[in-house]
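Asks: Before anything else, here's the structure in question.
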Amino acid sequence: MLKQTQSQKLSQKVLPQIIQKQSLLAVPTIALEQMIKKELQENPLLEENENPDDAVDEAEDKKAEDDLDFGDDYGEEYDGYKTHEHRKSKEHINYENMWRDHVTLQDTLTNQLHLSNLNDKQIWIGEFIIGNLDEDGYLRLSTDEMLYDLKEQSKGTSAEGSEFSKEEVDEVLYHIQRFEPIGLACKDLKECLAVQAGESDIPEDLKQYCITLISDHFEDLRLKKYEKIMKALKIDKDTLNEIFEAVQKLNPKPGYVDDQLEQNYIYPDLIVTKAEGEYKVYLNDNLPTLQVNHAYRKMMNEKKTGMNDEAKDYIKNNFERAKWYIDAINSRRETMMKVMNSILIRQYDFFESMGEGLRPMYEKDVADDIHMDISTISRTVRGKYVQTDFGIYELKYFFSNFMTNEDGDDISTKEIKKKLKEIIESEDPYKPYTDDQLTAEMEKVGFKIARRTVAKYRESMNIAKARLRRKI
């Protein structure tokens, strides 16, 4: 029998404006400049305010909004819908080390993600995927694992209660796999090569052979069973050679950071400098001051009696979108400044000593300081850099675990690694220190750690054992 029932279900959705604020927060400044240009082109109700000091005819703007019957939600102060004017003094800024660091693969992928045509929720998923790629560019998580992790990571954040489907994840994966370098975020070598072959510019007939070979005869390809492949594909030896030449040009490790990627340079998002005995924090951007377009006011006043519902909806939706975008830009700037000021306070000795004495610090510490979610802090520091008077640092650099020395003081593991590296660099190259000797040397300078910890830190810095470091 069929019967109808009623039930109540409490659910929470991620508001578009919340997702937009979170998405823009994760974007490096250079990419954001491009995104703003794109948004200005697409939304006629968003414009650059070339004279930010000019007053706005607030009464007339509010009257225009009421004429369109936007409702209570749109009767707010119009003048509030513009980005805060951003001025900064660069008088004492040291740009000597401005271009010394390189962009990470994660930076370039994040830029491509936010410059794509994906919607806000897809960008949210894309950031998760990019953050889980291994060093070779592979995504080792299954779709089910990703769905579970997405739900778990949303707990305690503005995204809590969101639903993520397999179809949504697969669609985002499809796009990321075709970002540069092509073939990232694949589950294995077979899928990685198949994606690259499909996106390659080789002749179409040869491309189809390559895809078939990789998809249906991958094991024969790996073991180079030439005769079996020729028989299966019904091709001669010359064609087989062409196929193999094309396949050999594909990259089995698209995430590997090579020399070409190392030549990309970064632009710091923040600047911290000391002038007249006081530290100053600046946002290092040249973003335009945005506002809702004044031209729509005149248009509505002229056509308010004859404007149809479709035109009203068009203006209403773009007005709302412009407000959200301006709010997101303002929120991003405010959050970045709050995070950097919290880091500056907690790592004051580091700045005073020109890069020495990094203190243990967690993202939770900063989250507590500025009363925000840990996920917000994570997005803020990801892929962002700060220019100091003594060099450029990624914001993530300031966060680390710690160990306690014999005096009971907490020491950052990064400081321990730094000291270990200094000892190794100053050793006799003909009689390098063994791990036991390194342990003793570390204890002499106040770091009492186990030999296995020394070995682990040495390996994490890609420093070879003593016998492999010895020079003849």
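Asks: Just add up the charged neighbours of residue 145: K/R +1, D/E -1, any other residue whose Cβ is under 12 Å from the Cβ of residue 145. It would help to have the intermediate numbers written out before the result.
Replies: Working: positive: 140, 151, 166, 187; negative: 144, 149, 152.
Net local charge, residue 145 excluded: +1.
Asks: Additional query: Taking θ = phi - 60°, what integer Hz values does the Karplus form 6.51 cos²θ - 1.76 cosθ + 1.60 yield along region 317-330, in sequence order, with x for Gly and Pro?
Replies: Those phi angles translate into 5, 6, 5, 5, 4, 5, 4, 4, 5, 5, 4, 5, 5, 4 Hz.
Asks: Right, here's the next one. Mind scanning 190/414; 384/414; 364/384; 207/231; 190/234 and naming the pairs with a C-alpha gap bigger than 26 Å? Write down the numbers at each step before the final one.
Replies: Values: 190/414 38 Å; 384/414 19 Å; 364/384 18 Å; 207/231 18 Å; 190/234 22 Å.
Where the Cα-Cα span goes over 26 Å, the pairs concerned are 190/414.
Asks: Right, something else. Rank the residues 379, 458, 140 as a footprinting-exposure proxy: fewest other Cβ atoms within 10 Å of their Cβ go first. Don't jump to the answer; show the numbers that get you there.
Replies: Details: 379 25, 458 21, 140 11.
Ranking 379, 458, 140 by Cβ neighbours within 10 Å, fewest first, gives 140, 458, 379.
Asks: Next up: Give me 354, 336 sorted ascending by neighbouring Cβ count inside 10 Å, so fewest comes first. Walk me through the intermediate numbers first.
Replies: Numbers: 354 11, 336 22.
Final ranking by Cβ density, sparse to dense: 354, 336.
Asks: Whose amide H sits under 5 Å from the amide H of residue 281, counting only residues 5 or more places off or on another chain, with H placed in the peptide plane?
Replies: Close amide H contacts, sequence-distant or interchain: none at all.
Asks: If I model a spin label as a point 7 Å beyond the Cα along the Cα-Cβ vector, how far apart are those points for residue 311 and residue 455 in nm?
Replies: About 7.8 nm separates the two model spin labels.
Asks: Classify region 201-248: rounded, prolate or oblate, from the alpha-carbon gyration tensor (a ≥ b ≥ c, eigenvalue square roots; a/c under 1.5 rounded; otherwise prolate if a/b is larger than b/c)? Intermediate values should be presented prior to the final figure.
Replies: Details: a/c = 1.58, a/b = 1.33, b/c = 1.19.
Verdict is prolate for region 201-248.
Asks: Continuing with this model, one more query. Strictly over 26 Å apart at the Cα level, which of 151/456; 166/187; 38/280; 155/312; 417/465; 187/224 would you flag in this model?
Replies: On the way: 151/456 33 Å; 166/187 15 Å; 38/280 32 Å; 155/312 38 Å; 417/465 15 Å; 187/224 23 Å.
Flagged as over cut-off: 151/456; 38/280; 155/312.
Asks: Ok, one more. In what order do 337, 372, 461 fall by count of nearby beta-carbon atoms within 10 Å, going from fewest to most? Each step should come with its number before you reach the end.
Replies: Values: 337 15, 372 18, 461 11.
In order of increasing Cβ crowding within 10 Å: 461, 337, 372.
Asks: On to the next question. Quick one: net charge of residue 432's neighbours, Cβ under 10 Å, K/R +1, D/E -1? Provide the component values of the computation, followed by the final result.
Replies: Values: positive: 431, 465, 467, 469, 470, 471; negative: 427, 428.
Local charge sum for residue 432: +4.
A short reminder: the numbers here are calculations on the coordinates, not readings from a lab. Nothing here was measured: the structure is a model prediction, and the numbers come from that model. Note: ideal-geometry Cβ built from the backbone for every residue, glycine included; neighbour counts use all protein chains shown.
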